[in-house]
1. So, restricting to strands (runs of 3 or more DSSP E) that lie completely within the stretch 357-470, which ones have at least 3 residues that are surrounded by 21 or more Cβ atoms within 10 Å (Cβ to Cβ) and modelled with pLDDT of 75 or more?
2. Go over the candidates SER293, SER238 one by one and state the one that is over 30 Å from ALA72 (Cβ atoms), modelled with pLDDT of 90 or more and either surrounded by fewer than 21 Cβ atoms within 10 Å (Cβ to Cβ) or assigned by TED's automatic domain parsing to the domain that holds LYS398 (or both).
3. All but one of (1) under 19 Å from CYS31 (Cα atoms); (2) surrounded by fewer than 18 Cβ atoms within 10 Å (Cβ to Cβ) hold for VAL113, so report the exception by its number.
4. Name the residues in the stretch 128-140 that are within 52 Å of the chain's Cα centre (by Cα) and modelled with pLDDT of 75 or more, would you?
5. Of the residues in the stretch 33-66, how many are over 14 Å from ALA111 (Cα atoms) and assigned to a loop (DSSP other than H, G, I, E, B)?
6. Kindly indicate whether ALA287 is modelled with pLDDT of 80 or more and out of contact with any Leu (no Cβ under 6 Å at 6 or more places or on another chain).
Amino acid sequence: MAFPFILIAALFPVIALAANNWTEPCHAGECQWNLKSDHASGTMLLSGSNSSISDLTPAGGWTIIDCNATAADQEIRLVCHDPDKCNHLNLNGAENTVVRLPDDCSSEPFAVVSRIWKHTDQSIPASRRSVLQRRGGPQSSVQGITLSTDFAATNTSQHGNVTVFVVGSSMPGFDNLAQAVPGCNTTDAIMHPSQACNVSTVALSIFSGSGSKHGSFSLPATTLQTNLFKDSFSCPQSGAIPAFDGSISVDLKSTVTGSIKYAVTYKTHLFIPDPTSLKLAVGFDAALDGTLSLNADLTGTLSTGAIPLFTAGLPVLDFGSIFKLGPTFNIYAEADASLGTNLEMDVNLAYTISGGQLTVSPSSSPTSGGSFVPGKSNIKLSAGPHVSADAKLAAHLKPTFEFGLTIAGATPASVYLDLDAYAELDLSLTAGVTGSVSPGSKGSNSNSTSTHADVGGCVDISTGLSVDAGGKLFSLSTSITLFKKSFDLFKKCFGNGSGKRDFHDVAYGRRGHARALSPLGHNWRRRHHGHGSSRASAGRGGIVRKSNKGLSCPTSALGALSSIVSETVDVSR
């Protein structure tokens, strides 16, 4: 599935233009600057009136003799060595003119002239004097110019506004890959798209074809073995319950691999920036393989919050104060549970995402695509059979791409893409019931071990994948779900007599749809995280002892664990 061409139509025209040309001055009301990077590429094009944009490079007739290569706002000294060219700066007055700067004389490609004057320091370095000295004439005077990157403070009534167009990608070397698109290879076509330059006439995509892997940023293979939650303390004897050392541990072992590539376009007025004109396209592949383990003989509720496991920077698009896109790759994990019985569980989280695609724009609805395939999952569950209790668990492994956007020196927007792999358990037990556990709803596609438990009730174990996007760019309080699908690994009611209850009444709010724990939905993300308080039936008889993490000693004899589920399930069939 190819990316929508809305982005691509705007992407290639700029690339088709020439790269940085330091021999031609920016004197025709437009100027282009190309990003230099081994890991990313991009082009910024400025367009305005003839007097709104000028050039302080040698091509513009100027020689800068004193500047700070690492500073943005600064005062520089310079000399006009070609009056026919440098006089362009004074068209309608030099103040409030956007000027191109040499690479070695500022941290910015462009700045605004806020003041110009004849400098009191007229000294010229000896190495430059022979070049700047007019033959048979007096030495050119040294000018002082104050440069500012506070574009919002520019007086637009003097020269009018300037339109800026930015295009960039994590894929380097666009000038070698791009071909001029008929009807889209002029500045006028870019700034004012014509009928000949629209999405239907552009059949070129940077994320498809034989070169689709070129420029993808491969994420380092990351293996994580992390304890998400741990607590332990001694439980004293309580009636018929002997003293014992209680503990709980939630662990996650996972391997995450993948690659990502992205492209961005942005068109706005330089002095009145509008973040809503941004369009971002992301292509990604990922493989997630993890095992969630829970071992508990304490009861109560727990919520870990979002735990950062890994972070890595991605290629940055840096156009100075005008536009900067700084992506990062992060992995988070989280677990929430309400436990009313002793429990042991292992469940796999395994997914492969191929050709994942996301296009986001604040002015239109996001679009997505790709193949999302679950892998085989081994599930094991054992629980204490001698209590009537509930247990609920939701755990998440979430690789996240985050894009921080800086415009005009501020950070007005951010975009995130979450790949949320999750596992959920909903267990309801009834004491005093004996029954055999048969394979669950996926039994025809699973290899099941024979199990027998002195327990009755209902169990639902599921995994799923949710792909969400959001951020300040959208002005939304919640994320947008681009893809979501859950898979029932095991769903069964078992036992007999009073323990045999309708599964949909016990574990479901309505037939066929799992009842979510209030804080455990796909919006658990740390940006909107809240702590839940799911019911734990173990507290009904009074608490013997409670830790500061919300766990308690059980109020009923737990007894030995009985195996409820032990299966390998292939939900992709």
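The values are calculated or read from the model by the stated rules, or taken from the named source; none is laboratory data. All values reported here derive from a predicted model rather than from experimental measurement. Neighbour counts are summed over all protein chains in view; Cβ atoms, including those assigned to glycine, are modelled from backbone coordinates with ideal geometry.
1. On the way: elements: 364-374, 377-383, 389-407, 410-430, 435-437, 446-448, 451-453, 456-470.
Answer list for the stretch 357-470: 377-383, 389-407, 410-430, 456-470.
2. Values: SER238 fails: modelled with pLDDT of 90 or more.
On inspection, the qualifying residue turns out to be SER293.
3. Here VAL113 meets the rest and fails (2).
4. Just the residues of the stretch 128-140 that are within 52 Å of the chain's Cα centre (by Cα), to begin with: 128, 131-132.
The answer is ARG128, and nothing else.
5. Counting residues in the stretch 33-66 that are over 14 Å from ALA111 (Cα atoms) and assigned to a loop (DSSP other than H, G, I, E, B) gives 11.
6. Values: modelled with pLDDT of 80 or more: yes; out of contact with any Leu (no Cβ under 6 Å at 6 or more places or on another chain): yes.
Spelling it out, ALA287 is indeed modelled with pLDDT of 80 or more and out of contact with any Leu (no Cβ under 6 Å at 6 or more places or on another chain).
Residue by residue, here is whether (1) in contact with a strand residue (DSSP E or B) (Cβ under 9 Å, 6 or more places away or on another chain); (2) farther than 20 Å from ASN96 by Cβ; (3) outside the structural domain of GLY144 (by TED's automatic domain parsing) holds:
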{"residue": "CYS26", "(1), (2), (3)": "yes, no, no"}
{"residue": "LEU35", "(1), (2), (3)": "yes, yes, no"}
{"residue": "ASP38", "(1), (2), (3)": "no, yes, no"}
{"residue": "MET44", "(1), (2), (3)": "yes, no, no"}
{"residue": "ASN68", "(1), (2), (3)": "yes, yes, no"}
{"residue": "GLN74", "(1), (2), (3)": "yes, no, no"}
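Listed here are the residues, each with its yes/no results for (1) in contact with a helix residue (DSSP H, G or I) (Cβ under 9 Å, 6 or more places away or on another chain); (2) closer than 27 Å to ALA383 by Cβ; (3) surrounded by fewer than 24 Cβ atoms within 10 Å (Cβ to Cβ).
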{"site": "GLY258", "(1), (2), (3)": "no, no, yes"}
{"site": "VAL282", "(1), (2), (3)": "no, no, no"}
{"site": "ALA286", "(1), (2), (3)": "no, no, yes"}
{"site": "THR299", "(1), (2), (3)": "yes, yes, no"}
{"site": "PRO308", "(1), (2), (3)": "yes, no, yes"}
{"site": "LEU314", "(1), (2), (3)": "no, no, yes"}
{"site": "ASN330", "(1), (2), (3)": "no, no, yes"}
{"site": "GLY340", "(1), (2), (3)": "yes, yes, no"}
